[in-house]
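Below: the structure, in structure tokens.
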Amino acid sequence: MNEPIKTSLAQQASFLGLCPVTAAVDQMAAASIDGRGAVFTRPEVVHFILDLVGYTSTAPLHERRLLEPSIGQGDFLLPAVDRLIAAWRRHAPEAPASSLSGCLRAVELHEASLEATREQLIDRLREQGIATPAAQALARSWLVRGDFLLTPLEVDFDYVVGNPPYVRQELIPDALMAEYRARYRTVYDRADIYIPFIERSLTLLGEGGALGFICSDRWMKNRYGGPLRQMVAEGFHLKVYVDMYDTPAFQSDVIAYPAITVMTREKPGTTRIARRPVIEESILNKLAASLLDPQAPDPSGTVQEMADVATGPEPWILDTHDQIALVRRLERDFPAIEDADCKVGIGVATGADKAFIGPFEELDVEPDRKLPLVMTRDILSGQVAWRGLGVVNPFADDGRLVDLRQYPRLARYLEARKEIIARRHVAQRAPDNWFRTIDRIYPDLARKPKLLIPDIKGEAHVVYEEGRLYPHHNLYYITSDIWDLRALQAVLTSGIARLFVATYSTRMRGGYLRFQAQYLRRIRLPRWQDVPRALQAALIEAAERNDMAAGNQAAWALYGLSPEERAAIGGNGDNEIRADHVCQST
């Protein structure tokens, strides 16, 4: 684990009388609620999380320490204080209130929020019978104004709870982002700010301590979450996971797909899992008791138990047991799709579609400098219905940019749009190559038959394109010189593609999935030469006739799916066919 650097950027700058990091922190502190990534948690959910980490008034909380890294409006802090006072009165009624000064630490960057919470806290302590001077002293001791990721804090907390802020990197000033990267190894790729919040919170836990957060679950599967998943696997136990998708867990609507995770600093073990609970106090109380019950859960109940969820940087697979079992079986028995002679890719990103894309016949460039373009809207029906758009191609066949002196029409076309094109980051980074598209264009791809798959869909939407069009960047494609693409289309629409993508991708609002290349490459597929000829023919015929039922049956036979495995991907036993009946000979 990376240790904080001995002299931070903020400290270095302060020696010179200048502090870009401090200025950046002040800028973030002055941001609006949306800019700070503040989303407030419903009280029932707060109490549920406090129960899950064991912060209950029956425990000797007056001897323990709790950290809340982002106070907001006190959603977690004030209920925790109520529990602390109740535990103090239960276990140590003779001890003075001042003995509680080390029991809580709560951090907040935004000054107005901190002061509003301070007033609520003092009022709450007074209501509990604590004199005003003692209440004010506790508030001074407990509340800390600062950036949690930069503020010095003592270690060995018994509990960390909260709802960390959700802020994208592009909203954070560069100087502050550089400081975060210097301090935290989990600030990787496009990680949002809640990722280092989790890292630091885990490092502040004492032995046996518990962290309970509600936040987006994207880090559990996305690329940027890999280092944090590795950290959890190396030194912590994922004790509880509660899927909160489509539940009113917050006081306002949010786009993120939220989950509650409880991680402890102890030896790894099995993970207790619950999904989409009803947000009612009595129901959540019973669910917390079930999740913490030392007895193994009833397999038919609302709580499941899984082993080996956190294994290195690999995505966490938390789906139903039968789906996981099927995925693991297919991963064991079949090669990955790209090892089965298929190629997965994504269409062209130009960085300036208004300049590079237009009606094909109206693009006033040399004929070999444009290609017909297929976009998501062209395949909404499940068939290609080309709308006549094209893309300008500035690349020669050797992959280099063309010499504009040899293409006067292309040169005139690009110069007329230079103001738009040259504004892009890729153009500013290499001014001599200002007219390139972000991605290189390979004209041969347009001429290859391919399967087209839109990025965001609820189900796999797999469309066959015969080899006339170049894909746009919102489309992923699969090509193969070995597999028959019509047969592959039948396989992927059978539920196999959705099974793998749903297992490894994050879910969007509305239940949509991201059918991106990184997830499509997870799909397992037999090699074409290993598929019996009769089954090859059945798959091809099903796709050509758009016969979903026949395609499903042939795909199930291809993988040898049992009735239980078919049920796991939404299939049933109707019109069952077996591989040895469909494929009598090769």
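The values are calculated or read from the model by the stated rules, or taken from the named source; none is laboratory data. Not measured: the values here are computed from a predicted model. Neighbour counts run over all protein chains shown; Cβ positions are idealised from the backbone, glycine included. When the accessible area is computed, the model is the full protein with side chains, heavy atoms only, and any ligands, DNA or RNA have been set aside. Shrake-Rupley method; radii C 1.70, N 1.55, O 1.52, S 1.80 Å.
Listed values, structure above:
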item	result
Relative packing of 372-385, 413-426, 473-486, which averages over residues the other C-beta atoms within 10 Å, highest first	473-486, 372-385, 413-426
The chain - mean residue ellipticity at 222 nm from DSSP helices (-39,500 (n - 2.57) per run, n ≥ 4, rounded to 500)	-10000 deg cm²/dmol
Using θ = phi - 60° and Karplus 6.51 cos²θ - 1.76 cosθ + 1.60, couplings along the stretch 540-556 (whole Hz; Gly, Pro as x)	4, 4, 4, 5, 5, 8, 6, 9, 4, 4, 5, x, 4, 4, 5, 5, 5
Electrostatic dipole magnitude of the stretch 36-122 [Cβ: Lys, Arg +1; Asp, Glu -1; Cα centre; debye, to 20]	220
Accessible solvent surface per residue of the chain, calculated while the other protein chains remain in place, 1.4 angstrom probe, Å²	45
Charge dipole of the chain about the Cα centre (unit charges at C-beta), most positive-ward option of 67, 53, 313	313
Kirkwood-based Rg to Rh ratio, the chain, C-alpha trace	1.04
Degrees between helix 111-127 axis and first principal axis of the chain (Cα, 0 to 90, nearest 10)	40
Phi-based couplings in Hz for the stretch 222-239 (Karplus 6.51, -1.76, 1.60; Gly and Pro marked x)	5, 4, 5, x, x, x, 5, 4, 4, 4, 5, 4, 7, x, 9, 10, 6, 7
Listed residues 367, 380, 337: farthest to the positive end of the dipole of the stretch 327-385 (Cβ charges)	337
Value of relative contact order over the chain, rounded to a whole percent, pairs C-alpha under 8 Å and six or more apart	11
Nearest-20 debye value, the stretch 56-104 charge dipole, Cβ charges on Lys, Arg, Asp, Glu	120
Size of electric dipole in the chain: Cβ of Lys, Arg +1 and of Asp, Glu -1, about Cα centre, debye, nearest 20	940
Gain on full stretching of the segment that runs from residue 140 to residue 418 - 0.36 nm per residue minus C-alpha separation	94.3 nm
Relative packing of peptides 77-88, 536-547, 390-401 - highest average C-beta neighbours within 10 Å first	77-88, 536-547, 390-401
Within the stretch 99-158, GluC sites (Glu not before Pro) in DSSP loop having at most 14 other beta-carbon neighbours inside 10 Å	154
Percent breakdown of C-alpha pair distances by 10 Å bin, ordered from the shortest bin, for the stretch 110-241	10, 36, 32, 17, 5, 0
FRET efficiency for residue 182 and residue 349, using Cβ-Cβ distance with R0 set to 35 Å, rounded to 0.05	0.70
Lys pairs under 30 Å by Cα in the chain, provided they are eight or more residues apart or on distinct chains	24
Per-selection Kirkwood Rh - the stretch 366-452 (Cα, Å, 1 d.p.)	14.5
Charge-dipole axis of the chain as Lys and Arg at +1 and Asp and Glu at -1 on Cβ define it, positive-most pick from 227, 302, 356	356
